[in-house]
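Enquirer: Mind having a look at this structure? Questions to follow.
The values are calculated or read from the model by the stated rules, or taken from the named source; none is laboratory data. Values in this document were obtained by computation on a predicted structure and should not be read as measured data. So basically every Cβ, Gly included, is an ideal-geometry build from the backbone, and we count neighbours across all protein chains shown.
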Amino acid sequence: MQNKDLRKISRTTFDPAMWKKNLAMLHKSLPNRLISWFSGHQRELPWRQTTDPYAIWVSEIMLQQTQVATVVPYFQRFMARYPTVRMLAAAPLEDVLSLWAGLGYYSRATRMHRCAEFICTYLNGRFPTTRDELMVLPGIGRYTAGAVASIAFGQSVPVLDGNVIRVLTRLLAIADNIAAPATHAMLWTIAGQLVPASNPGTYNQAVMELGATICLPRNPHCSRCPVRGLCQARRLNIQGDLPVKTAARQPRRSGCMTVVIEAAGKLLLLKRPPGGLWSSLWEFPTFHNSTGRHAPRNAASTIRRALGLNVNSVQTIGSLTHQLTHRTFDYHIFLARMDAAPQRVALPECDCGRYQAFAWVKAIAQRPCGTITRKIDRAVKAVSVVAADAPNDLANR
């Protein structure tokens, strides 16, 4: 169905009288139906076995932009290592980042650590019990505050994530662009009107579960939906067209030169700046927005100019593409070798500031690194060329 037709349906559906009638019907029937369905169909997830606000907070942060199946083992390891907010606050940030490695969106871990420190420093290690108080904490927004307040403390406040948006827009046949601030504000209002005074945490989890398992983005399982009789989109046969969202911009593409420098069995890692992408993680020296020729002699020149190091040989490893939500990075990878690991290395600029520190390590597992650094490490190992047999691509300079 064309967007203009959907907008026409939306305007027709949302005259004041119909709006009031549909909301009243949902308010009366939706919570009980969903809570009853949830009690028998919910997935058994570790964070659903507790009302501890700390555990719920950890799970909600991990679940942002990340699938449940990926989160479960990370959550279990995290809670085993840091079972309380005080233990998280006392831990070195690098240890937290190491445990987070592979989960992505590393700024979440940094913000969690900062928030834990705040709670222990100013609140005696206790979580606030209301949404508004929770939103004062660093790194906690409206959604996370609502989830913790409703699930852990039973406060009747809404949550609004992608799953809830999908459920609400279909139940009420809302065909407005969900990326528009006005539509988003309206959905928050609707969510707030529907959350019950009794069992708000169970209700919020039920709505999210419905969106995650039944009311899917594509091919929703309408025949198995416990509230299909309340769904205006199903009545109009437009559930597959909702929600409406303007097309996302194409990811910005950047070229990078990455040099893996090996010296006496050790590898050089640099620590990224705080803030921005991969905040405070370690990586191989990487030079972004590299538009020149990606040849060994260019890599050797860059190493000498930016790091103050003279390498013996440079070997071309190949290229990797790393896709993020809004960015695409093309990495051109080189392996350089030196006889000994210098104790002084210049710290150059990277894509979001100056590198903080350097370290020579026997394995990258000794420092918290992101997914792309582990990919590059595997690519270098896959070449499987011992130093004595490695071709020196600088020989013909």
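Enquirer: Hey, residue 77 hits all of (1) over 19 Å from residue 163 (Cβ atoms); (2) assigned to a loop (DSSP other than H, G, I, E, B) but one; which does it fall short on?
Expert: If we test residue 77 against (1) over 19 Å from residue 163 (Cβ atoms); (2) assigned to a loop (DSSP other than H, G, I, E, B), just (2) comes out false.
Enquirer: Another question, if that's okay. Only one of 382, 341, 346 is of a type in the set (A, V, I, L, M), out of contact with any Pro (no Cβ under 6 Å at 6 or more places or on another chain) and free of Cβ contacts under 8 Å to residues at least 40 places away in the same chain; which?
Expert: 382
Enquirer: Something else about it: Run residue 264 past the list (1) under 30 Å from residue 370 (Cβ atoms); (2) surrounded by 14 or more Cβ atoms within 10 Å (Cβ to Cβ) and report the number of the one that doesn't hold.
Expert: (2)
Enquirer: Any idea which residue in the range 298-311 is surrounded by the most Cβ atoms within 10 Å (Cβ to Cβ), counting only those that are farther than 17 Å from residue 355 by Cβ and out of contact with any helix residue (DSSP H, G or I) (no Cβ under 9 Å at 6 or more places or on another chain)?
Expert: Step by step, filter the range 298-311, then rank; the result is 299.
Enquirer: List every residue pair whose Cβ atoms sit under 7 Å apart, with the two residues 6 or more apart in sequence or on different chains, where the first one lies in the range 20-44 and is at pLDDT below 95 and in a helix (DSSP H, G or I) and the second, anywhere, is of a type in the set (Lys, Arg) and exposed (fewer than 13 other Cβ atoms within 10 Å of the Cβ).
Expert: The qualifying pairs do not exist here.
Enquirer: Something else about it: Does residue 161 fit the bill of being among the acidic types (Asp, Glu), at pLDDT below 95 and surrounded by 18 or more Cβ atoms within 10 Å (Cβ to Cβ)?
Expert: Details: among the acidic types (Asp, Glu): yes; at pLDDT below 95: no; surrounded by 18 or more Cβ atoms within 10 Å (Cβ to Cβ): yes.
Taking the combined requirement at face value, the residue does not satisfy it.
Enquirer: Give the number of residues within the range 320-352 that are in contact with a strand residue (DSSP E or B) (Cβ under 8 Å, 6 or more places away or on another chain) and not in a strand (DSSP E or B).
Expert: Total satisfying the criteria: 9.
Enquirer: Does at least one position in the range 100-111 carry a residue that is farther than 27 Å from residue 327 by Cα, buried (at least 22 other Cβ atoms within 10 Å of the Cβ) and either in the same structural domain as residue 203 (by TED's automatic domain parsing) or among the hydrophobic types (A, V, I, L, M, F, W, C) (or both)?
Expert: Looking for residues that are farther than 27 Å from residue 327 by Cα, buried (at least 22 other Cβ atoms within 10 Å of the Cβ) and either in the same structural domain as residue 203 (by TED's automatic domain parsing) or among the hydrophobic types (A, V, I, L, M, F, W, C) (or both), one finds none in the range 100-111, hence no.
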